[in-house]
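The values are calculated or read from the model by the stated rules, or taken from the named source; none is laboratory data. All values reported here derive from a predicted model rather than from experimental measurement. Here Cβ is always computed from backbone atoms with ideal geometry, including for glycine, and neighbour counts include all displayed protein chains. The area values use the complete protein model at the heavy-atom level, side chains included, leaving out ligands, DNA and RNA. Shrake-Rupley method; radii C 1.70, N 1.55, O 1.52, S 1.80 Å.
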Amino acid sequence: MAITADHIRTTLTRYLDQHPEEKADLAPVLDLLDTGAEITSRKEFRGHATAGAILTDPVGKVLFIHHLALDRWLLPGGHLEPGDTSLIGAALRELAEETGIRPDLVVPLRDEPVHIDVHPIPANPAKGEGDHQHIDFRFVFATNADVAELQAEEVTDAAWRGAETITDERLRNRVAAAIRR
């Protein structure tokens, strides 16, 4: 069964139970869910869910990819697809698609998101998309594997970097804590 609004609401509620200080920041996501917005659809431009993967190696490095369309170094992740059944599964699928690292070589460090980030995405006229918001559910994973084959249509490069290079302080601290466990 495809990811539902109920799955997103449950994941978000559990996250906010652990991180109540983020309630105000994530209230607009709850508002979207309350008004029946189809946030699992990438055509919902008020905001739609995406799934991200923070992949760590045995020495605590984090995998970054260079995203072609945005011309920026990012963590792997992307849009939900109809075949996805969970947010963590979507993050794992995106990781495998973008890096070629097989899912059986990756272990989740937590079942819940380590971070939920809402951020703007610029318009993409080639895809007929205006400016919109991504609600990125980020999960942390570990692996001994290395990048196999990059998804050439979206990713131009990959690099393992220290966790301290994550620019979002909240995410950086949470990834560092997950790695120490």
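Structural remarks
- If you take all other residues with their beta carbon under 12 Å from the beta carbon of Trp73, and give Lys and Arg +1 and Asp and Glu -1, the sum is 0.
- Surface composition of the stretch 79-170: carbon plus sulfur atoms hold 50% of the accessible area, using a 1.4 angstrom probe and ignoring ligands, DNA and RNA.
- Excluding ligands, DNA and RNA, the accessible surface per residue across the chain is 51 Å² with a 1.4 Å probe.
- Range in the chain, longest, excluding exposed GluC sites (Glu not before Pro) [loop by DSSP; at most 16 other beta-carbon atoms within 10 Å]: 45-148
- Length available on full extension from Val59 to Asn124: 0.36 nm per residue minus the Cα-Cα distance, which gives 19.7 nm.
- The amide H of Ala142, built 1.01 Å from its N in the peptide plane, has Thr56, Val107, Leu109 as neighbours under 5 Å, considering only residues 5 or more places off or on other chains.
- Taken about its Cα centre, the chain carries a charge dipole of about 440 debye when Lys and Arg each add +1 at the Cβ and Asp and Glu each add -1 at the Cβ.
- Normalising the average separation of contacting C-alpha pairs (under 8 angstrom, six or more residues apart) by the number of residues puts the relative contact order of the chain at 26 percent.
- Summing charges over all other residues whose Cβ lies under 14 Å from the Cβ of Glu94, with Lys and Arg as +1 and Asp and Glu as -1, gives -3.
- Of all DSSP-defined beta bridges confined to the chain, some 75% are antiparallel rather than parallel.
- FRET efficiency for Ala24 and Asn144, using Cβ-Cβ distance with R0 set to 41 Å, rounded to 0.05: 0.55
- Model label points for His79 and Phe45, set 7 angstrom from Cα along the Cα-to-Cβ axis, are 1.3 nm apart.
- Relative contact order of the stretch 14-106: 20 percent, from C-alpha pairs under 8 Å at least 6 residues apart in sequence.
- For the stretch 115-181, a/c is not less than 1.5, where a ≥ b ≥ c are the root eigenvalues of the C-alpha gyration tensor, and a/b does not top b/c. That puts it in the oblate class.
- Phi-based couplings in Hz for the stretch 98-115 (Karplus 6.51, -1.76, 1.60; Gly and Pro marked x): 7, 10, x, 7, 5, x, 6, 9, 10, 10, x, 8, 8, 7, 9, x, 7, 6
- Charged neighbours of Pro122, selected by a Cβ distance under 10 Å, balance to -2 (K, R count +1; D, E count -1).
- Under the combined filter of DSSP loop state and at most 10 neighbouring Cβ atoms within 10 Å, the stretch 15-99 retains these trypsin sites (Lys or Arg not before Pro): Lys43.
- Under 5 Å from the amide H of Thr50 lie the amide H atoms of Ile135, Asp136, Phe137, each residue being 5 or more positions distant or on a separate chain, with H modelled from the backbone and absent for Pro and chain starts.
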